[in-house]
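**Q** Once you've had a glance at the structure underneath, I'll fire off some questions.
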Amino acid sequence: MEPFLISVHFCYMTVKKDDKSTWAIGGGLIMGTGAGFFFLQTSALAFVGSILVGLGLGLFVTAIISNRNIKNA
């Protein structure tokens with residue numbers, strides 16, 4: 001008996017999403033990396049720390065913006 005393949009297609013509803021709150025994560029990460037380059041000559045751990053602080057700040061801002069958009073909807 002030969003194996004057979006089952007083709008599965010996922011259909012997603014096309015919903016126009018105006019929520020750009022997830023961009024804050026990338027923006028915070030880029031800002032943390034940029035600030036970390038100033039600390040790179042001093043300490044590599046300060047560079048990594050500033051990246052993590054930027055990521056945390058981006059996640060915090062995303063949570064605030066998403067919560068605000070849910071309340072306004």
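The values are calculated or read from the model by the stated rules, or taken from the named source; none is laboratory data. This structure is a prediction, so every number in the text was calculated from the model and none was measured. Here the Cβ positions follow ideal geometry from the backbone for every residue, glycine too, while neighbour counts run over all protein chains shown.
**Q** Would a scan of the stretch 6-22 turn up a residue that is surrounded by 13 or more Cβ atoms within 10 Å (Cβ to Cβ), under 29 Å from Ala63 (Cα atoms) and modelled with pLDDT of 85 or more?
**A** Checked the stretch 6-22: no residue is surrounded by 13 or more Cβ atoms within 10 Å (Cβ to Cβ), under 29 Å from Ala63 (Cα atoms) and modelled with pLDDT of 85 or more.
**Q** Also, quick follow-up: When you check Ala46 against the structure, is it modelled with pLDDT of 75 or more, more than 13 Å from the chain's Cα centre (by Cα), aliphatic (A, V, I, L, M) and surrounded by 14 or more Cβ atoms within 10 Å (Cβ to Cβ), yes or no?
**A** Against the criterion (modelled with pLDDT of 75 or more, more than 13 Å from the chain's Cα centre (by Cα), aliphatic (A, V, I, L, M) and surrounded by 14 or more Cβ atoms within 10 Å (Cβ to Cβ)), Ala46 qualifies.
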